[in-house]
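Enquirer: Pasting a structure below so you can have a look.
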Amino acid sequence: MAKKLILAVDDEPAILSAIKDSLDVKFDVITAKNGKEALALIESRNPDLVIMDVMMPEMDGFEAVKQLHKTHTPSNPPIIFLSAKTALSDIEQGIKVGGFEYITKPFSPTKLEKKVDELFERMEMRKKMQQQKNK
């Protein structure tokens, strides 16, 4: 079975490296430095999940997710926001624009891996329930 593809988006190379190091045993991880790059990679590579920073140059994470939902289908990859913005209003905005999860920095690689696993489990459960419904 092929590994799931995760797109990590952050303008800080150290964060991208930490995400990649914590997830690349179980998953294939590709990276982007901003929202514009992320949208191009989502279009060309169709990742199974996107881990998105909020504060980035050119296009921030919230705007990238808004653009994604404007131009793509319901098969958009789920988004986990990973951000240094910790105010409740930022977390609420992340969920409002379409994030499945919002993890604050500094982050625990173990917690991130657990959240990713949980998200894929939920998606698999939904898929099975939908298949049962369609029988």
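No value in this document is a laboratory result; all are computed from the given coordinates. In this text, all values refer to a predicted model and were calculated from it rather than measured experimentally. Glycine also receives a Cβ, built like all others from the backbone with ideal geometry; neighbour counts cover every protein chain displayed.
Enquirer: Hey, can you rank 124-135, 78-89, 106-117 by average C-beta count inside 10 Å, highest first?
Expert: On the way: 124-135: 8.6, 78-89: 17.4, 106-117: 14.2.
Listed from highest to lowest mean packing, they are 78-89, 106-117, 124-135.
Enquirer: Let me ask something else about it. For a quick size check, give me the Cα extents of the chain along its three principal axes, largest first, whole Å.
Expert: Between the extreme Cα coordinates on each principal axis of the chain lie 47, 33, 31 Å.
Enquirer: Follow-up. First measure r as the distance between the Cβ atoms of GLU113 and LYS36, then evaluate 1/(1 + (r/R0)^6) with R0 = 25 Å and state the FRET efficiency to the nearest 0.05. If you can, show how the numbers build up before the last one.
Expert: Details: r = 27 Å, r/R0 = 1.10.
Efficiency, rounded to the nearest 0.05: 0.35.
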